[in-house]
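The values are calculated or read from the model by the stated rules, or taken from the named source; none is laboratory data. Predicted model only: the values in this text are computed from it and were never measured. Glycine also receives a Cβ, built like all others from the backbone with ideal geometry; neighbour counts cover every protein chain displayed.
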Amino acid sequence: MAFIEIKNLHVSVDGKEILKGINLAMNGGEVHAIMGPNGTGKSTLSYVLAGRDGYEVTQGTVLFDGKSLLEMEADERARAGVFLAFQYPMEIPGVATSTFLKAALNAKRREQGLAEIDAIEFLNLIKSKTKDLEIPYEMIKRPLNVGFSGGEKKRAEVLQMSLLDPRFAVLDETDSGLDIDALKVVSSGVNALRSPDRTFLIITHYQRLLSYIVPDYVHVLVGGRIVESGDKSLAELLEAEGYARFEENEAA
């Protein structure tokens, strides 16, 4: 059995069907990329996997290590090791980034039956992580994402992912709004987390990100369905030719 197995997943939003039968199996250690034009359901898939409200699953199942992911609340999924990096990370005024990160880490530690991390241990850990990710330490003292540039927001999410050490990480258009230097830093952080015990699902429009985070598999999502799968060369083909032929087939 695959580590993450999506079977015949149908999802509606406000009565309109967005996902129309997604089938996808992902094993430990693999990086899967989903590409497709705007409005085809890529972000919907990420939100459903993370447990966001407002998305109605009308058919299908999602198994996470043999257990039904769809039966878990969003916080249960997070504590079990599911992580979603948002396209547009939320700002949380009044909550320091370091406070948020420590609370998230301790929630996971409690789920694992571990003692909460103490202040000194957390300080040493966060200093090490920020150095590795080229994040100014002063940044984590600021309110979460408030006044952050696009690159800072994405760095902060990779920092959170590195601290939480998830088993299944979904990156929803992480490359959105990044300049080349920020893209390299974020990609390096993701690549450092690749391991046989972790699975990545990367959602993107463009091949650019996949030049830095090389996927094992690429899937084309058009019209709420995966219409083709292949290796990294499929992303290069899409960059060169676009999605027109897939959209034409869907409309036919």
Scan of region 4-26 for residues that are within 16 Å of residue 69 (Cβ to Cβ) and surrounded by 15 or more Cβ atoms within 10 Å (Cβ to Cβ), ordered by number: 4, 5, 6, 9, 10, 11, 19, 22, 24, 25, 26
Which one of the conditions (1) in a helix (DSSP H, G or I); (2) under 21 Å from residue 37 (Cβ atoms); (3) among the hydrophobic types (A, V, I, L, M, F, W, C) does residue 186 fail to meet, given that it meets all the rest? (2)
State all residues of region 186-197 that are surrounded by 20 or more Cβ atoms within 10 Å (Cβ to Cβ) and either over 23 Å from residue 102 (Cβ atoms) or more than 16 Å from the chain's Cα centre (by Cα) (or both); if no residue qualifies, say none. 187
Looking only at residues in region 145-177 that are among the hydrophobic types (A, V, I, L, M, F, W, C) and outside any helix (DSSP H, G or I), which one is surrounded by the most Cβ atoms within 10 Å (Cβ to Cβ)? 171
Would you please list the contacts, defined by Cβ atoms under 6 Å and residues six or more apart or on different chains, that run from a residue in region 141-154 that is touching a residue at least 12 places away in the same chain (Cβ under 8 Å) to a residue that is of a type in the set (D, E, K, R) and part of a helix (DSSP H, G or I)? 145/153
Inside region 38-77, the number of residues satisfying the requirement of being of a type in the set (Gly, Ala, Ser) and within 14 Å of residue 7 (Cα to Cα) is 3
Looking at 5, 17, can you tell me which residue is touching a Gly at 6+ places or on another chain (Cβ under 8 Å) and either in contact (Cβ under 8 Å) with a residue 60 or more places away in the chain or within 14 Å of residue 63 (Cβ to Cβ) (or both)? 17
Can you pull out the residues in region 58-74 that are surrounded by 14 or more Cβ atoms within 10 Å (Cβ to Cβ) and in contact with a His (Cβ under 6 Å, 6 or more places away or on another chain)? 59, 60
Tell me which residues, restricted to region 116-167, are of a type in the set (S, T, N, Q) and either within 17 Å of residue 104 (Cα to Cα) or at pLDDT below 85 (or both). 124, 130, 145, 149, 160, 162
